[in-house]
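**Q** Mind having a look at this structure? Questions to follow.
The values are calculated or read from the model by the stated rules, or taken from the named source; none is laboratory data. In this text the structure is predicted, and so the values were computed from the model without any measurement. In this analysis, Cβ positions are derived from the backbone assuming ideal geometry, glycine residues included, and neighbour counts consider all displayed protein chains.
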Amino acid sequence: MAPMPTTEMVPPVEPRPETGLTVQSRANDADWSLAMALAWIADRTETAVSNIQSGSWAPNEEAIRELLSALRAGKLTAHGMFEGERIPHPIETAVWANFEIVVESMRFIGHPSFVPIVIAQKMGAPRTRLLFVTVPAAKVRRRWPLGRRTVAAQTRCQVYLVAEMGRSPDRQPKPKHEFLADYQARIPGLSERAFERAWAKAKTLTSTAGWGRPGRRSRCSRSG
């Protein structure tokens, strides 16, 4: 994922990458911005799609990979325009072989927090960008249906746990049930069973020795 600049900026007048400040984030729109599509892929909720305006969301790398894969395979057709163009048009499938989706974080005058910006740009110099990119909402919903929400939640939980275990491989910083409560609050659709699978997989991936064994905690251990 691209480095996150931390400078405060005045939103430019010319076409620019999309942000939650300017995109009209309605889940029932016929076309979704890349940010809206990524929010749906990650969480499978209309609330997540609408919440990109808040500046509190951040698409995960798995969602970015899935969206790029669909665009590069021609399973999803995007509309947009290259820098210097004025009229949006279909983006040819072949274009995506040389383009990537990155997320940067910027703060704009009048907004209290940093806002993730989704950018479609060419890999390597020159960093040509695609502007105002949209994809059909109905096709996004069909390709990533609600039935797969549990899988998406488990994947997102696993990403968080791998990061946590990487930061503290020799010591589990808090009880397992607290991690479960935290992630269920942050990840829509995360069941306890999906959390257990993510926990076990994260332990395997990180070879973490200082964390408790996977499996449900007893009532006694939860109270302790």
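**Q** From THR134, THR155, THR150, THR77, grab the single residue that is assigned to a loop (DSSP other than H, G, I, E, B) and of a type in the set (S, T, N, Q).
**A** THR77
**Q** Given (1) touching a helix residue (DSSP H, G or I) at 6+ places or on another chain (Cβ under 9 Å); (2) at pLDDT 90 or above; (3) not assigned by TED's automatic domain parsing to the domain that holds ILE187, identify the lone condition not met by ILE117.
**A** The single condition ILE117 does not satisfy is (2).
**Q** Moving on to the next point. In the set SER105, SER69, which member is within 30 Å of LYS201 (Cβ to Cβ), assigned by TED's automatic domain parsing to the domain that holds SER33, surrounded by 14 or more Cβ atoms within 10 Å (Cβ to Cβ) and polar (S, T, N, Q)?
**A** SER105
**Q** Among the residues of segment 128-153 satisfying the criterion of being under 17 Å from ARG197 (Cα atoms) and out of contact with any Leu (no Cβ under 7 Å at 6 or more places or on another chain), which is surrounded by the most Cβ atoms within 10 Å (Cβ to Cβ)?
**A** ALA152
**Q** When you check ALA58 against the structure, is it assigned to a helix (DSSP H, G or I), at pLDDT below 95 and within 9 Å of the chain's Cα centre (by Cα), yes or no?
**A** Against the criterion (assigned to a helix (DSSP H, G or I), at pLDDT below 95 and within 9 Å of the chain's Cα centre (by Cα)), ALA58 does not qualify.
**Q** Which of (1) within 11 Å of the chain's Cα centre (by Cα); (2) in contact (Cβ under 8 Å) with a residue 40 or more places away in the chain does ARG65 not meet, given it meets every other one?
**A** (2)
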